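Trainee: Sharing a structure here in structure tokens format.
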Amino acid sequence: MLLKALTRALRWKPMLESGEFATTAELAEREGIAPSYMTRVLRLTLLAPDIVEAILDGKKGPGATLASLLNPFPVELAGQSGHSGQAS
């Protein structure tokens, strides 16, 4: 589920940045999901590259769940290591 959410977020971000969709609400409607869920999932694009890579490679720690990563986390990359569910 985490991998699916991350890949969706990585697909949605350029759609919004390019102007293909003017708002997250517009894109959420097209995707058939709640705008609030979309905005939470889009935050996954702010994860540190090493965390994203670990998720995509299937090497995430046991604490890295979709539920845990949808909770607020530091935007600063250096502050994310304790929130990734990976062993430091």
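The values are calculated or read from the model by the stated rules, or taken from the named source; none is laboratory data. Since the structure is predicted, the reported quantities are computational estimates derived from the model, not experimental observations. As a convention, Cβ positions derive from the backbone with ideal geometry for all residues, glycine included, and neighbour counts pool all protein chains shown.
Trainee: Given LEU10, LEU44, LEU6, LEU27, which one is touching a Phe, Trp or Tyr at 6+ places or on another chain (Cβ under 6 Å), without any contact (Cβ under 8 Å) to a residue 60 or more places away in the chain and part of a helix (DSSP H, G or I)? Before you say what the answer is, go through the steps one by one.
Mentor: On the way: LEU10 fails: touching a Phe, Trp or Tyr at 6+ places or on another chain (Cβ under 6 Å); LEU44 fails: touching a Phe, Trp or Tyr at 6+ places or on another chain (Cβ under 6 Å); LEU6 fails: touching a Phe, Trp or Tyr at 6+ places or on another chain (Cβ under 6 Å).
It is LEU27.
Trainee: Something else about it: So which of SER36, SER18 is without any contact (Cβ under 8 Å) to a residue 24 or more places away in the chain, under 20 Å from PRO72 (Cβ atoms), exposed (fewer than 15 other Cβ atoms within 10 Å of the Cβ) and among the polar types (S, T, N, Q)? Walk me through it before giving the result.
Mentor: Details: SER18 fails: under 20 Å from PRO72 (Cβ atoms).
Criteria check complete, one pass: SER36.
Each row is one residue, and each column tells you yes or no for (1) in contact with a His (Cβ under 9 Å, 6 or more places away or on another chain); (2) modelled with pLDDT under 95.
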{"position": "SER18", "(1), (2)": "no, no"}
{"position": "THR24", "(1), (2)": "no, no"}
{"position": "ALA28", "(1), (2)": "no, no"}
{"position": "ASP50", "(1), (2)": "no, yes"}
{"position": "GLU53", "(1), (2)": "no, yes"}
{"position": "LYS59", "(1), (2)": "no, yes"}
{"position": "ALA64", "(1), (2)": "yes, yes"}
{"position": "ALA67", "(1), (2)": "no, yes"}
{"position": "PHE73", "(1), (2)": "yes, yes"}
